[in-house]
1. Confirm whether B:Gly193 is within 14 Å of another protein chain (Cβ to nearest Cβ) and touching a residue at least 24 places away in the same chain (Cβ under 8 Å).
2. Show the residue pairs that are 6+ apart or on different chains and have beta-carbon atoms under 9 Å apart, the first residue being within the range B:368-386 and without any contact (Cβ under 8 Å) to a residue 24 or more places away in the chain, the second being in a helix (DSSP H, G or I).
3. Just to be sure before I move on: is B:Glu314 of a type outside the set (Ser, Thr, Tyr) and open to solvent by less than 30 Å² (accessible area, probe 1.4 Å) in the structure I sent?
4. Counting only residues that are in contact (Cβ under 8 Å) with a residue 12 or more places away in the chain, in a loop (DSSP other than H, G, I, E, B) and not charged (D, E, K, R), how many does the range B:103-154 have?
5. So in the range B:327-345, with the set limited to residues that are more than 7 Å from chain A (Cβ to nearest Cβ) and under 24 Å from the mean Cα position of the chain (by Cα), which one is most open to solvent (accessible area, probe 1.4 Å)?
6. Taking the conditions exactly as written (within 8 Å of another protein chain (Cβ to nearest Cβ), more than 14 Å from B:Ile310 (Cβ to Cβ) and not aromatic (Phe, Trp, Tyr)), does B:Glu374 satisfy them or not?
7. Sort through B:Ser155, B:Ser133, B:Ser129 and tell me the only one that's within 14 Å of chain A (Cβ to nearest Cβ), of a type in the set (Ser, Thr, Tyr) and either under 17 Å from B:Leu84 (Cα atoms) or surrounded by 24 or more Cβ atoms within 10 Å (Cβ to Cβ) (or both).
8. Being more than 17 Å from B:Cys268 (Cα to Cα) and buried (at least 19 other Cβ atoms within 10 Å of the Cβ) narrows it down to one of B:Glu374, B:Glu455, B:Glu353, B:Glu379, so name that one.
Amino acid sequence: MTALNPEKIKEQAKAIMDEFVKALDKAGEVSGEIGLEREQATREGKKSKPDNDFRERMLKNAPKKDSDYIIAERKSW
Amino acid sequence: MVAAYSTEQKLHLLRKGGLSAAENVKGFLDVIRKKNRQINAILHVNNNAVAEAKAIDKKIKSGKAGKIAGLAVAVKSNISVTGLPVTCASKTLENYYGTFDADAIARIKAEDGIIIGMANMDEFACGSSGESSAFGPTDNPAAPGRIPGGTSSGSAASVAAGFCDLALGSDTGGSIRNPASHCGVVGLKPSYGRVSRYGLVDMTMSFDQIGPLSMDTHGAALLLEAISGKSGNDATTMSKDVPKYSQLLKNATKGLRIGMSAEFEEMCSDKRIYKLIEDLAGKFSAATKSSIKKIKLPHVDLAIQAYYPIVYVEFFSGTRKFDGRKYGKKIEDSCGEEVLRRILGGREISRAEHHGTYYRKALKARKLIAEGFEKAFKEVDVIISPTTPMLPHKLGTKITDPRVMYAYDAYTIPANLAGSCAGVVNAGKIEGIPVGLQIMAPAFKEELLLQAMAEIEKR
């Protein structure tokens, strides 16, 4: 598999975005809100039933763990 | 690939004891064993599927089974299923197993559907060909050697290859409809807010919807009925009632006002596709005493340009959780080119120095396009168009410019921008390759959409 060149990919992505957004200039202006319509902004506060196996499943996915703790190196990401 | 039974026939057999759920699942597992190596539609088989089917057989015998009891469902690998790999077809999550059931999965299980396996897809739902999976491309069972489309490539191919009765996909800009068209199956993108996105790995949260794929409209209607409805887990779901879509299919579709857009005709690179769609629309109109009207859809030629800046920004935001701490690997270190392009592009255009210019301009254009559709739906009941402007290319074709791939989405993106529902049924073939006809209906008019799809399916 060819190694990716992030700098080149970033430049290409920016060029595509610049081209697309320039094309949008001919779309004109809109009035009113431009967000999504929704009935509520928050999730309902209903309590779900506790899942006793969730912790085990979650820990199985952890790259590094120590008993009940997930280990991550500070600032490594 | 012709299914041995229609969905309705299969359900009848299961309910009456002519076929057990266990036999049904074993049959599909056998076909997967024989053909999946070539097609690569299924990434992981549910090893517990037969045991689950046997439990459902007991429920069927007792007369207390759900509406899709015994049917086998393939699930796109970006939808969480407890205990099965939810890899998004990426090395980033290659060792990640679902810790909970997505709402759509919980609802399938509540209606006694059986998850047969996790389907291949374009990596993190970024693409439109089915070639960018980290676990190899999927072949098109209906046009071998050609792309199946994407990003629900494995879901569509699984249905077409006879690996399952039904499949779940997700659609952000056409990712159910595009592969449904290329593979010659039925696919439907619900209205935004119809189906809960809880448990779906976001591609673009303001566009994504989970939806059904099937060999026939009845199957799609049944699966949509099972998974739809308000959820306390997803604040973007709407509290509108869920009609019994599968039963409403029997209602006659007559006297529809069918819209066809001059702008869409101009956008079709392969004129043979447009002619095929136009001819079928004409037959449908004549058979149902409907009328076809030429409509204007202003700015729809800017759909791709409005869509991708929103995608880049929201995808960048949605992927910040893949930092390799709690699960998986750091996405930037383990993903493919298109995923990286969207992350780096999204990061770049959402920098503070740009003051939200890119995203805001795209949102404005989105609103203009959505308003155009709202106005059009006052003049017509449904809008018919091709699904893609060109035939699927051969697998392995070298395409270096991403805009060539983005162009596949020209007809499908508008429904996502508008939040409306849209479905695809097979319209015939060109050069032996399936071509899908797309129908769009206003938001939360899935019953009208499905009735029209069922009627066109008969032609």
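1. yes
2. Between residues of the range B:368-386 that are without any contact (Cβ under 8 Å) to a residue 24 or more places away in the chain and residues that are in a helix (DSSP H, G or I), the close pairs are B:Glu371/B:Ala418.
3. Values: of a type outside the set (Ser, Thr, Tyr): yes; open to solvent by less than 30 Å² (accessible area, probe 1.4 Å): yes.
So B:Glu314 fits the description; yes.
4. Within the range B:103-154, residues that are in contact (Cβ under 8 Å) with a residue 12 or more places away in the chain, in a loop (DSSP other than H, G, I, E, B) and not charged (D, E, K, R) number 26.
5. First pass over the range B:327-345, keeping only residues more than 7 Å from chain A (Cβ to nearest Cβ): B:328-329, B:331-336, B:338-339, B:342-343.
Filter once more, keeping what is under 24 Å from the mean Cα position of the chain (by Cα): B:335-336, B:338-339, B:342-343.
Numbers: B:Cys335: 10, B:Gly336: 16, B:Glu338: 32, B:Val339: 2, B:Arg342: 5, B:Ile343: 2 Å².
The residue in question is B:Glu338.
6. Values: within 8 Å of another protein chain (Cβ to nearest Cβ): no; more than 14 Å from B:Ile310 (Cβ to Cβ): yes; not aromatic (Phe, Trp, Tyr): yes.
So B:Glu374 does not fit the description; no.
7. B:Ser133
8. The match here is B:Glu455.
The values are calculated or read from the model by the stated rules, or taken from the named source; none is laboratory data. In this text the structure is predicted, and so the values were computed from the model without any measurement. Quick reminder, even Gly has a Cβ in these numbers, built from the backbone with ideal geometry, and neighbours come from all protein chains shown. What goes into the accessible areas is simple: the full protein's heavy atoms, side chains included, and nothing from ligands, DNA or RNA. Shrake-Rupley method; radii C 1.70, N 1.55, O 1.52, S 1.80 Å.
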